[in-house]
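What follows is a short report on a single structure.
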Amino acid sequence: MADKFKNFIGGEWVEPSSGEYFENRNPARWSELIGLWPRSGQDDVDRAVAAAKAAFPAWARTPAPDRGNILRRVGDLLSERKEEIATAATREMGKVLTETRGDVQEGIDTAYYAGVEGRRLFGKTVPSELSNKWAMTYRRSIGVCGLITPFNFPLAIPTWKMFPALVCGNTVVIKPGEDVPHTVQLLVEILEEAGIPRGVVNLVHGEGATGAAIVNHPDVSAISFTGSTDTGSIIGRACGESHKRLSLEMGGKNAQIVMADGDLDLALEGVLWGAFGTTGQRCTATSRLLLHDSIHDEFIERLVEKAKGLKLGYGVEDGVDVGPLINERARDKVEKYIEIGRSEARLVLGGGRATGDGVDDGWFIEPTIFVDVKPGSRLATEEIFGPVLSVIRFQEADEAFRINNEVKYGLSSSVYTRDVNLSFRAMQDLANGITYVNAPTIGAEAHLPFGGVKQTGNGHREGGWEVYEFYSETKVCYVDYSGKLQRAQIDNYGGSPY
Ligand code: UN1
């Protein structure tokens, strides 16, 4: 009998009142059942939101440095249990252990950043237009935040959302991706051990309906979601109706541009990592490779040779480079795009399910490369979220920049060149939230703002200092110590020549 896991509500580990559970399986060894997790219903969400609401006033009044201290302790405990968490994450998510270690490290970095940020939630003090009066702002907590997180970064993305929300004095209800419930389970155990007060962090497992119940709950004041652009549209409509604060982090169709003068060895390593790392399942994955005509053929030859050498398998095993896709639905979607690619472009590598020992029981697709992909075609514009790279040839830098910008997404881009002028033009002209020069499209650092333009997001950023603005409201305070009525916007202070 498989282990049954619980929700965490109001400081207690509780069974779902729905009485229902879903399976969590290893995507590299599908016959291996990891456990059963609650398929939480409306009643479970109601209880979690009520617990978060009840805990909010005391938490919001706890000094921010004290809130930060709990997160520093969380950082310590994550560091101590890094290997255990990374192994659990690889088992349920599929990416290789070196990557899940990086995922946990991103969570550790986010914890320490948040811990210190509790001492730096800056407001501003500015001169008043009236004498004997002060004008200043501070950052005020919002309330209950609903956090809905994806499968591809099972630890880092929950921490990107939860830690800043907590430091800002909010309480949270989190629903992790249904493919990766175990990693957040371990994170919440750590928060409990670190001394997070009851009700401040609540965990409800479930699938789409559980997420919808959080989004639609009237006592949830803010939602942060990472996932598909389609689901983001549904959440956006719901939050628009109810005027909830909303941060969306969605799709990408990221391009690596290689100029003729670029360091081609470096560019080759970059695209291998960007396109096939995490099996292409990053919002930042390199999905398009734009090659200058003069280096195209040689580069492709070398790339195909290198990509052939990537070893597929279960990510805890030594020597494995690429794991499986997350589930059958993901594999079907990637296969559909490979079919589309066969009719739109020329396949030079992969193009099918991987077979053989170690991969027969998982959702493995071979690293796949299409060349002669036409800008504007489906392969060139739609997010695939798998190990499929579309190569486009260009003649001029401006043409490459235009192709980069011709998609509805705008998360990350990369350019390999030794020309300093061109690299600054790229930073200026590429329509993305992040541009890398001489580095791949993946690998954003936890202490910088993360997010994209156009349909990748809705204008907010995760990470760095900017996310603290999402999780707090600016409050303005005026203190008039003149002892008399002073009227702003009335020209009563004299002396103005205007
Ligand atoms: C994502 O794919 O949703 O920049 C996040 C990167 C990682 C985060 C990716 N640090 O590739």
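Could you say which residue among Gly386, Gly443, Gly459 is part of a loop (DSSP other than H, G, I, E, B) and open to solvent by 60 Å² or more (accessible area, probe 1.4 Å)? Just one listed residue meets the conditions, Gly459.
Note on segment 272-288: residues that are over 18 Å from the mean Cα position of the chain (by Cα) and closer than 15 Å to Leu411 by Cα amount to 1. Go through (1) under 20 Å from the mean Cα position of the chain (by Cα); (2) closer than 17 Å to Tyr409 by Cα; (3) among the β-branched types (Val, Ile, Thr); (4) more than 15 Å from the ligand (Cβ to nearest atom) and name the single condition Thr229 misses. Of everything listed in (1) under 20 Å from the mean Cα position of the chain (by Cα); (2) closer than 17 Å to Tyr409 by Cα; (3) among the β-branched types (Val, Ile, Thr); (4) more than 15 Å from the ligand (Cβ to nearest atom), Thr229 misses just condition (4). Applying the selection to segment 232-266, what residues are among the basic types (Lys, Arg), surrounded by 15 or more Cβ atoms within 10 Å (Cβ to Cβ) and more than 14 Å from the ligand (Cβ to nearest atom)? Listed by number, the residues that qualify are Lys244, Arg245.
Scanning segment 446-456 for residues that are more than 9 Å from the ligand (Cβ to nearest atom) and in a loop (DSSP other than H, G, I, E, B) yields His447, Leu448, Pro449, Gly451, Gly452, Gln455, Thr456. Filter segment 397-429 down to the residues that are under 18 Å from Met259 (Cβ atoms) and within 16 Å of the ligand (Cβ to nearest atom) and list them by number. Matches in segment 397-429: Ser412, Ser413, Ser414.
Selection of segment 347-392 for residues being out of contact with any Ser or Thr (no Cβ under 9 Å at 6 or more places or on another chain) and at positive phi yields Gly356, Gly358, Asp372, Gly376.
Of all residues in segment 141-169, none that is at pLDDT below 95 has its Cβ atom under 7 Å from the Cβ atom of a residue that is more than 11 Å from the ligand (Cβ to nearest atom) and open to solvent by less than 10 Å² (accessible area, probe 1.4 Å), 6 or more apart or on another chain. Within segment 57-72, the set of residues being surrounded by fewer than 13 Cβ atoms within 10 Å (Cβ to Cβ) and outside any helix (DSSP H, G or I) comprises just one member, Pro63. Inspect all residues belonging to segment 165-188 and state whether any of them is small (Gly, Ala, Ser), open to solvent by less than 30 Å² (accessible area, probe 1.4 Å) and more than 30 Å from Tyr478 (Cα to Cα). Yes, that holds for at least one residue.
Of the listed requirements (1) open to solvent by less than 20 Å² (accessible area, probe 1.4 Å); (2) under 30 Å from Asn458 (Cβ atoms); (3) among the hydrophobic types (A, V, I, L, M, F, W, C), Met427 misses just one: (1).
Considering segment 228-251, and only residues there that are in a loop (DSSP other than H, G, I, E, B) and in contact with a Gly (Cβ under 8 Å, 6 or more places away or on another chain), the residue that is nearest to Phe151 (Cα to Cα) turns out to be Ser228. On inspection, Phe394 qualifies as at pLDDT 95 or above, more than 14 Å from the ligand (Cβ to nearest atom) and touching a helix residue (DSSP H, G or I) at 6+ places or on another chain (Cβ under 7 Å). Being surrounded by fewer than 24 Cβ atoms within 10 Å (Cβ to Cβ) and free of Cβ contacts under 8 Å to residues at least 12 places away in the same chain is a property that Arg302 lacks. When segment 267-283 is examined, which residues are found to be open to solvent by 10 Å² or more (accessible area, probe 1.4 Å) and out of contact with any helix residue (DSSP H, G or I) (no Cβ under 8 Å at 6 or more places or on another chain)? Matches in segment 267-283: Glu269, Trp273, Arg282, Cys283.
Kindly provide the set of residues from segment 131-148 that are open to solvent by less than 10 Å² (accessible area, probe 1.4 Å) and either within 15 Å of the ligand (Cβ to nearest atom) or under 28 Å from Gly315 (Cα atoms) (or both), ordered by number. Scanning segment 131-148 gives a single hit, Leu147.
The values are calculated or read from the model by the stated rules, or taken from the named source; none is laboratory data. No experiment lies behind these values; they were computed from the predicted model shown. Every residue, glycine among them, receives a Cβ derived from its backbone with ideal geometry; neighbour counts consider all protein chains shown. Keep in mind that these areas ignore ligands, DNA and RNA; they rest on the heavy atoms of the full protein, side chains included. Shrake-Rupley method; radii C 1.70, N 1.55, O 1.52, S 1.80 Å.
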